[in-house]
Structures are given as structure tokens and as C-alpha cells.
Amino acid sequence: MKRLVFFLSLLCGLTFQMAVAQSRDYDVNLDGEVNIADINAVIHAILGGIEDSSHDVNRDGEVNIGDINNLVDRILGDVHHDDHLVFNVGNASFKMIRVDGGTFMMGSNNGANNEKPVHEVTLSPYYIGQTEVTQELWKATGCRNRSHYKGSKLPVNDVVFVECQDFIKRLNVLTGYHFSLPTEAQWEFAARGGNDSEGCQYAGSDDIGSVAWYKDNSNTGGTRVHEVATKLPNELGLFDMSGNIEELCQDKYGAYSSEAQVDPEKPITEDGDDDCVIRGGSCYAIDSKCRVTVRSLYSNYDRTDNGLRLALRDSLPVALGVSENNVEMMEGGVATVTIINGKGAYHAQSSDQNVAVGYIEDSKLYIVAMWSGTATFTIWDDQSDLKAEVLVRVGKECSVGGVTFKMMPVEGGTFMMGNTWEQAPGYGDGDYAYTVHEVTLSSYSIGQTEVTQELWTAVMGNNPSEHNEWQNFINPQGPVENMTWDECMEFIARLNEMTGLHFRLPTEAEWEFAARGGNRSMVYRYSGSRYLNEVGWYEDNADHWQGGGVFGPQTVALLLPNELGLFDMSGNVRELCQDWYGPYSDEPQTNPTGPETGDKRVTRGGSFADQSGDCCCASRGHTYEFPFEGGNLLGFRLVMELSK
């Protein structure tokens with residue numbers, strides 16, 4: 001009956017616009033939609049005796065009524081894989097395509113050794129992104145866009161595994177859904193076309209040029225990476241699963257098993273991100289590397305052709321969506337968090353009302369910061385049983401002699417200290433930095449910036465910095481340097497007396513935990529980035545000051561902060577710690593303070609005159625023999641103990 005009504009509408013000249021997702025086989029006139037215009041095109045082809053492949057929807061070698069029937073089924077929704085979910089985040093919209101569960105033979109006996117053996121895999125239903133994640137969507141979640149090739153509709157590129165995981169966490173917070181990277185099996189099944197697979201060697205065709213940007217066709221318009229969905233899709237309506245960018249999967253890379261498997265997963269930890277699988281080939285790849293069965297081991301750094309595609313198992317939200325789940329405030333401040341997908345019967349509770357209190361009104365959580373520290377708000381929706389958690393970090397703004405400075409809270413936690421895998425081997429003063437060991441710290445606050453010349457002068461009435469007058473410039477917002485140990489201790493004592501607070505130097509463990517980003521660490525080599533130029537002044541870029549080409553320490557907080565909002569923990573000036581310098585223990589430690597005695601103090605972070613490896617989060621240095629007389633590369637940062 002539906003078919004009869006539809007044909008009658010054609011005869012009566014009605015214009016139905018029942019558009020569905022574009023598909024290579026169904027979008028006859030290539031206008032981006034499948035609708036009545038495509039049926040008209042086939043009808044005109046039949047009447048005109050035209051029998052080219054673009055009108056042969058069924059691929060049976062003829063253009064006839066069967067092609068019209070197939071298009072009608074497509075438009076009326078009789079084809080199951082048109083099910084999809086649409087999400088909007090900020091100004092970005094993206095579509096997740098349903099992939100019905102099924103069984104397929106994964107791998108290829110005609111490919112490379114790592115594509116063998118072919119084995120049976122059965123998958124449950126899931127959803128997968130219609131396109132690769134775009135830079136527009138990436139930025140809408142608040143992630144920093146480091147893509148080598150930039151453009152809102154270009155896929156995000158030059159990303160690493162932990163950055164992808166951070167993006168997905170942010171997206172889950174904003175939507176309340178549980179997105180992930182696809183498993184390798186989910187990726188290949190979708191690339192093949194799922195249950196509708198036609199057995200093509202590339203995702204959607206045996207003609208690679210029609211479905212993929214690859215080595216032979218991608219070098220156009222000054223770019224290699226191209227906007228998503230500019231080639232034809234595969235059988236499921238998925239774009240660019242061959243070529244454009246290689247796509248990260250959540251599985252650990254390894255050899256296939258010959259055994260039949262059901263929903264196989266080989267999850268990896270964030271610390272193993274150089275072991276994950278990438279699929280699909282890229283704009284730099286030759287055609288054979290873009291086949292749907294090709295798999296590679298991911299290379300962690302210095303890739304401009306890798307990105308990601310999202311997967312989703314459940315079509316329903318698993319949590320309340322909130323506008324943000326990490327809120328940074330100063331004492332006395334007020335912040336607002338919007339609840340996105342609940343039913344309106346909300347209540348919230350703070351884990352520490354000494355730090356922050358709050359109330360809910362009109363689907364918004366209003367937070368009032370009371371005291372420096374961290375607190376977690378839990379928000380419940382009594383009607384849907386969904387909940388969300390919001391971490392609140394309250395810092396303290398201090399003022400001395402008209403000079404203000406900020407102390408940022410660092411929530412206590414456990415981390416692996418020392419030369420972990422992402423740091424730079426060969427740096428850090430030899431074996432003294434190599435012993436990786438577990439450290440647990442209590443909460444504390446740390447200076448958002450290094451102590452400035454302006455703050456030092458307000459407390460001490462003088463400025464010891466060699467770079468205060470060196471090469472004839474004065475920079476009150478530059479870090480103080482060239483002070484002795486005794487002068488540093490006197491500064492802290494005077495500051496404590498003037499403020500009534502308890503400041504001190506950080507322990508080496510506190511310094512490294514904060515530099516790594518604390519509990520929010522993205523496992524970067526440098527403090528806040530894998531690219532030192534983004535976050536640190538060092539020997540290759542430290543001639544920036546006021547554009548005058550002066551080589552020296554720079555104004556604090558000019559570059560990007562780390563995950564905790566801290567500036568210049570890589571480079572600018574080396575930072576003095578309170579610990580004596582000595583070898584690490586390999587035993588787990590809680591709130592360590594270093595050796596009991598020594599003849600040198602620890603310094604961390606590197607300086608404007610140091611190489612990049614000296615600016616890694618784990619790299620260690622030391623003063624001259626104690627008591628030292630200062631130096632123009634050495635400054636410091638304050639720590640403040642938390643108290644209610």
C-alpha cells in the first residue's frame with residue numbers, strides 16, 4: 001500500500017522530501033540526499049534508454065523498475081540501517097549510524113601477516129560515527145586543537161591516544177552518553193558494510209578513488225587531509241573509512257586468534273597508548289594500505305594523519321549531561337553548571353561544604369566557593385535515576401602590597417614518579433631520574449606562576465634578579481631569579497607573616513605531581529603538552545621578550561597552562577624545591593620529603609637556556625654545593641598547605 005501511495009504521488013506531481021542519509025548506491029544525482037529527485041533521475045534514464053552505472057542502483061547490470069523499487073524502499077524507511085542518532089554539542093552536530101549485530105569473517109588471507117588468520121567474529125548491535133570526528137566537534141568539547149591541517153570540517157588530526165580519551169570523557173560529560181573508540185572488530189565490520197557488505201576491498205567500493213583520499217589523489221589545494229564526507233560512503237552510509245586519516249581503535253595491538261570470538265575486546269591502558277591499533281589508511285597511504293582489513297601499530301608522536309571515529313553501544317543516556325564537570329574557581333566566587341538531559345527533579349550534595357556549597361534552580365547548579373581546596377558535587381535526577389559528578393577546584397587569590405598572585409588547589413592522589421615511558425630517556429641527570437616509583441600525596445595548593453620580580457619586591461623591598469637590568473630591560477612580571485637559599489627562606493618567612501598563611505617551597509614530589517597535571521594528567525612529556533613550544537620557554541624560543549629579541553626569562557603565563565591551570569612548569573626558570581638532592585627509592589612512598597641531609601638542593605623544570613629534554617616533567621637538576629649563591633637561571637614557586 002505504501003508503494004502504491006508513493007507512485008500515485010509521483011503521478012500527481014507531489015514533491016516528497018523524505019530525505020535519508022546519503023549512500024553511494026541510492027544518491028543517484030549526488031546532491032547529498034536520497035529523495036524523489038533520485039527516482040525521477042532513474043525514471044528519465046529508463047525512458048531515455050540510458051544504462052550507465054550511476055542509475056543501476058541494484059548493480060544488476062540493468063536500469064529498470066527494480067532500481068526504482070529499491071529507491072522507494074530506501075526512502076520509505078524499509079532499509080534497517082537508516083537508523084541513526086543525531087547529537088548537538090555547541091555549534092557542532094554529528095550523526096551516529098546504527099550497525100546491526102552480525103557475524104563476519106575478520107582479516108584476510110591475502111594480506112599482510114598481521115591480517116591473518118581469518119577468523120569468525122560475532123558482534124552485538126552498536127552505533128558508529130558517520131564521519132571521523134571533526135575539528136568543529138573536537139573544539140566544541142573544550143579540547144585544544146593541535147591539528148596540523150586545520151579546518152572546522154576537517155577531521156581532527158595529529159592526536160594521541162590520551163587526547164582522544166580526554167575528548168571522549170568531555171563528550172560523555174556533555175551528553176550523558178557513553179561514547180568510546182570502536183573496538184578493532186567493530187571498526188572492520190562497519191568498514192566492510194556490516195550485514196549489507198558487498199565484499200569490496202575498500203570501504204564502499206573496489207574503486208579507491210571514489211571513496212578515499214589517499215596518496216595518489218589527496219595532494220590538492222595545499223592540503224593532504226580533506227573535509228569529511230566529500231567522497232562516496234560505504235554500504236552503511238559511512239564516510240572515509242578508507243583513507244583521509246588513520247583511525248585509532250581502543251584495542252591493544254597484537255596477533256589475531258584463529259578461534260571464533262564474540263564481541264572481542266583487547267582494552268589498553270592510557271599508559272600503553274603506543275600499543276593501540278589504527279585502521280583505514282590515510283591521505284599519505286598507497287591504495288593497498290587503505291583496504292578494510294589493513295591494520296597497523298600506532299606510533300605515539302609526530303603523526304599528522306591520525307584521528308578517530310566514535311562508537312556507542314547504548315542508544316540511551318547513562319548519566320546526566322552537564323555543561324562541565326571540572327570547575328575552577330577562586331574563594332568567594334560563584335559558578336554555574338547547566339544540567340542537560342534530565343527530567344527536572346534534581347538535588348545535589350557537596351562532598352565538602354567547607355570548600356564549596358551549592359543549590360539547584362531551573363536546571364542549573366549554582367556553586368559558591370568557600371575555601372581553597374577541592375570538593376565533588378553529586379547531582380541526582382529523582383525521576384530518571386541518572387546522576388552526574390562535578391569536581392570543584394577552589395583556588396586562593398592573595399594580595400601583598402598591591403601585588404596579587406593565585407594559589408591553585410591540587411587534589412591529593414597517587415602517581416608514578418620518575419622517568420615513565422612518555423618522558424625523554426637520556427635526560428634528567430642519569431640514573432637519579434630513572435627509578436620509577438609510586439608516590440601518594442595529600443592535597444595542597446601551588447602557585448599558578450613562578451614568583452615574580454614584582455611580588456618579591458613587594459615583600460623584600462629589593463630585586464636580586466640579574467635579568468632585572470640585564471641588557472637594559474626591566475620586567476616586573478618576569479620570574480624572580482638570582483636569589484640565594486637564605487634570601488628565599490627569608491622571603492617566605494616575611495610572606496607568611498604578612499598574610500597569616502603558611503607558604504613554603506614544594507617538595508620534589510609535589511612539584512612533579514603538579515607539573516604532570518595531578519589527577520587530571522594527560523600523560524604529556526612536558527607540563528601541559530607534548531609540544532614544548534606551546535607551554536615552555538627554552539633555548540629554541542626564549543628570545544621573545546617584547547618582540548625585542550632579548551634572550552632570557554619571559555613574562556609569566558604567556559604560554560598555555562597545564563591540566564591544573566599552572567604556567568611555565570616546563571622552562572622559563574628552573575624552580576627550587578625544598579628536598580636535598582639524591583637518588584630515588586624504588587619503594588612506594590607517601591608525602592616524601594627527600595633525603596635527610598645533602599649538599600645540593602633539587603631544581604626542576606628546566607629554563608630558558610636549557611634543551612628540550614631538560615624541561616620534561618620528570619627531568620631533575622640540582623643547585624651548586626650548598627649554600628649556593630644563586631644564579632640567573634633559578635627561580636621558585638610557592639606551595640601553600642590547605643587548612644579550613
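The values are calculated or read from the model by the stated rules, or taken from the named source; none is laboratory data. In this text the structure is predicted, and so the values were computed from the model without any measurement. Neighbour counts are summed over all protein chains in view; Cβ atoms, including those assigned to glycine, are modelled from backbone coordinates with ideal geometry. Remember, those area values only see protein heavy atoms, side chains included, never the ligands or the DNA or RNA. Shrake-Rupley method; radii C 1.70, N 1.55, O 1.52, S 1.80 Å.
Kindly indicate whether ARG637 is among the basic types (Lys, Arg) and open to solvent by less than 30 Å² (accessible area, probe 1.4 Å).
Details: among the basic types (Lys, Arg): yes; open to solvent by less than 30 Å² (accessible area, probe 1.4 Å): yes.
Yes, satisfied.
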Among the candidates LEU638, LEU559, residue that is hydrophobic (A, V, I, L, M, F, W, C) and without any contact (Cβ under 8 Å) to a residue 40 or more places away in the chain: LEU559
Every residue from the range 113-156 that is in contact (Cβ under 8 Å) with a residue 60 or more places away in the chain, of a type in the set (A, V, I, L, M, F, W, C) and out of contact with any helix residue (DSSP H, G or I) (no Cβ under 9 Å at 6 or more places or on another chain): none
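Find the residue count for the range 343-361, including only residues that are of a type in the set (Phe, Trp, Tyr) and either open to solvent by less than 50 Å² (accessible area, probe 1.4 Å) or not in a strand (DSSP E or B) (or both). Talk me through it step by step, then tell me what you get.
Going through the range 343-361, the residues of a type in the set (Phe, Trp, Tyr) turn out to be 346, 359.
With either open to solvent by less than 50 Å² (accessible area, probe 1.4 Å) or not in a strand (DSSP E or B) (or both) added as a condition, the list becomes 346.
Counting residues in the range 343-361 that are of a type in the set (Phe, Trp, Tyr) and either open to solvent by less than 50 Å² (accessible area, probe 1.4 Å) or not in a strand (DSSP E or B) (or both) gives 1.
May I ask you to verify whether ALA191 is surrounded by fewer than 24 Cβ atoms within 10 Å (Cβ to Cβ), assigned to a helix (DSSP H, G or I) and more than 14 Å from the chain's Cα centre (by Cα)? Spell out the reasoning first.
Values: surrounded by fewer than 24 Cβ atoms within 10 Å (Cβ to Cβ): no; assigned to a helix (DSSP H, G or I): yes; more than 14 Å from the chain's Cα centre (by Cα): yes.
Spelling it out, it is not the case that ALA191 is surrounded by fewer than 24 Cβ atoms within 10 Å (Cβ to Cβ), assigned to a helix (DSSP H, G or I) and more than 14 Å from the chain's Cα centre (by Cα).
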Selection within the range 239-270 - under 18 Å from ALA311 (Cα atoms), in contact with a Ser or Thr (Cβ under 8 Å, 6 or more places away or on another chain) and buried (at least 23 other Cβ atoms within 10 Å of the Cβ): PHE239, ASP240, ILE245, GLU246, CYS249, GLN250, ASP251
Criterion violated by ILE340 - all others in (1) touching a Gly at 6+ places or on another chain (Cβ under 6 Å); (2) without any contact (Cβ under 8 Å) to a residue 60 or more places away in the chain; (3) open to solvent by 50 Å² or more (accessible area, probe 1.4 Å) satisfied: (2)
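Residues of the range 303-330 being among the polar types (S, T, N, Q) and in a strand (DSSP E or B), which ones?
Keep residues of the range 303-330 that are among the polar types (S, T, N, Q), which gives 304, 306, 315, 323, 325-326.
ASN306, ASN326, listed by residue number.
Can you name every residue in the range 384-404 that is in contact with a strand residue (DSSP E or B) (Cβ under 9 Å, 6 or more places away or on another chain) and surrounded by fewer than 14 Cβ atoms within 10 Å (Cβ to Cβ)? Can you show your working first?
Step one: of the range 384-404, the residues in contact with a strand residue (DSSP E or B) (Cβ under 9 Å, 6 or more places away or on another chain) are 386-399, 403-404.
Once the filter is applied, which keeps residues that are in contact with a strand residue (DSSP E or B) (Cβ under 9 Å, 6 or more places away or on another chain) and surrounded by fewer than 14 Cβ atoms within 10 Å (Cβ to Cβ), the range 384-404 yields SER399, THR404.
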Of residues in the range 515-526 being in contact with a Ser or Thr (Cβ under 8 Å, 6 or more places away or on another chain) and outside any loop (DSSP other than H, G, I, E, B), the one nearest to GLU450 (Cα to Cα): ALA515
Strands (runs of 3 or more DSSP E) within the range 101-167 that include 3 or more residues crowded, with 19+ Cβ neighbours inside 10 Å: 126-129
Candidate set: the range 362-373, residues that are on the phi > 0 side of the Ramachandran plot and outside any strand (DSSP E or B); chosen: the one least open to solvent (accessible area, probe 1.4 Å): SER363
Any pair with Cβ under 8 angstrom, 6 or more apart, that starts in the range 81-92 at a residue that is on the phi < 0 side of the Ramachandran plot and among the small types (Gly, Ala, Ser) and ends at one that is modelled with pLDDT of 90 or more and open to solvent by less than 80 Å² (accessible area, probe 1.4 Å): ALA92/THR134; ALA92/GLU136; ALA92/LEU137; ALA92/ALA140
Qualifying residue in the range 293-302 (condition: among the hydroxyl-bearing types (Ser, Thr, Tyr), surrounded by fewer than 17 Cβ atoms within 10 Å (Cβ to Cβ), out of contact with any helix residue (DSSP H, G or I) (no Cβ under 6 Å at 6 or more places or on another chain) and closer than 30 Å to ASN110 by Cβ): yes
Every residue from the range 168-185 that is open to solvent by less than 10 Å² (accessible area, probe 1.4 Å) and of a type in the set (S, T, N, Q): THR183
